[in-house]
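Please read the structure below before turning to the comments.
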Amino acid sequence: MIDLGKVKGEDAVVNSNHNGLLGTVTLNDKTCLQWGYFTITKGNTWERVNINVPYKDDNYNIQVTEYYVDGYKPVYIGNIDKAGFSVSTDGDISAPGGKQNIYWFCIGVVE
């Protein structure tokens, strides 16, 4: 855990692991920014992404970005709840290794 001290007048604490690929920034004990890296292994099915810290409810903002390589397809978000969300892509994954890598970022209020 790294204590950033004050960020625009708010206490901020940063946690990260897996070489920074998963992490959280909590501002003033209530606003939480989270990020991660996920690998989709199957097309045409939903896979669960568990977030690091559950939000107060399922009303938080999610951004997903494909790690682009030839053969990757668009990624869709679904089934959002306070502890995670689901992602999917169309058809068979033709990218190298049959996997589609994504980065995700969320922001919302925690309990």
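The values are calculated or read from the model by the stated rules, or taken from the named source; none is laboratory data. As the structure is a computational prediction, the values presented were derived from the model and not from experiment. Glycine gets a Cβ as well: all are built from the backbone with ideal geometry, and neighbour counts include every protein chain shown. The accessibility values were calculated without ligands, DNA or RNA, using every heavy atom of the protein model including side chains. Shrake-Rupley method; radii C 1.70, N 1.55, O 1.52, S 1.80 Å.
Those residues that are part of a strand (DSSP E or B) and polar (S, T, N, Q), I need them from segment 47-93; list them, please. Within segment 47-93, N50, N61, Q63, T65, N79, S86, S88, T89 qualify.
One residue stands out in segment 85-109 among those that are touching a Lys or Arg at 6+ places or on another chain (Cβ under 6 Å) and at pLDDT below 90: the one that is least open to solvent (accessible area, probe 1.4 Å), namely T89.
Exactly one residue out of I77, I2, I40 is modelled with pLDDT of 90 or more and either farther than 30 Å from G98 by Cα or surrounded by 14 or more Cβ atoms within 10 Å (Cβ to Cβ) (or both): that is I77.
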